[in-house]
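Peer 1: Pasting a structure here, questions to come.
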Amino acid sequence: MGPRSVTALALISAIGVMAFGWPLLADSASGLAHSKDAPWLFAALLPLLLAVVAATIADTGLDAKAIAMLGVLAAAGAALRPLGAGTAGIEPMFFLMVLSGRVLGPGFGFVLGSVSMFASALLTGGVGPWMPFQMLAMGWVSMGAGLLPGPDRLRGRREVLLLAGYGAVSSLCYGTIMNLQGWPYIGSLATGISFVPGDPLSENLGRFVAYCLATSLGWDLPRAVVTITATLALGPTVLKALRRATRRAAFEAPVTFGKPPG
């Protein structure tokens, strides 16, 4: 990645971290409903996504064909999501986001994950205050795949195993991060795993871990298993197709003019 891509991704990721984590630092008088800050986050997310795309194009020299491929992959990811409809954590779009992020790189990977989640929310009617948070979390999943080591050297079974392992970890991390978005809502339930505004951070983190184990682990583990299985079964074929399409989408070698012979 070039300096412009790094700057854009760092900015959007910093905003995302603050959006997810500010309730942990809020006092007891703070309003914690993400329905109030989600529209602002969404409004900030769209121009920043465009900035990431523009910076990535400027740094890597990709043309309109690459943007078209990004749209096709986003549509494919959005179409895959309803197949499992989130039932028991079965979400086949994760393996495609991981493989695409690996091939496209972290900048385009982040945009792909975010746009795919946005399109799938429109497709499934899952639009709500959680949507911009889902876009950020899925963007991080795809971006992380693009940051894995050996993008130009590692090939074959070792690469597929690396991506399967990353897919499993990122599937669990996605569920954990999204829990952080929804967890403050249950504060009014006054259970032993509820968020308590104003309590010490260590105590709230302990409740958060208990909340994750009690509520979402049954969804996160099947998501990880599905991602591993799909990556091992389809990974080599999909990676080959994505790399072939990426080569065709890139700019041709630039023409240079030199002095005529003699």
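Every number in this text was worked out from the coordinates using simple rules, so none of it is lab data. Model, not experiment: these values are computed from the prediction. In this analysis, Cβ positions are derived from the backbone assuming ideal geometry, glycine residues included, and neighbour counts consider all displayed protein chains.
Peer 1: Sorting check: for 111-123, 90-102, 231-243, which peptide has the highest mean count of neighbouring beta carbons within 10 Å, and how do the rest follow?
Peer 2: Packing order, densest peptide first, comes out as 90-102, 111-123, 231-243.
Peer 1: Okay, next question. So for each of 214-223, 159-168 I average, over its residues, the number of other beta carbons within 10 Å; can you give me the resulting order with the highest mean first?
Peer 2: 159-168, 214-223
Peer 1: Please compute the length gained on full extension between residue 24 and residue 243, using 0.36 nm multiplied by the number of residues separating them and subtracting their Cα-Cα distance.
Peer 2: Computed gain between residue 24 and residue 243 is 74.7 nm.
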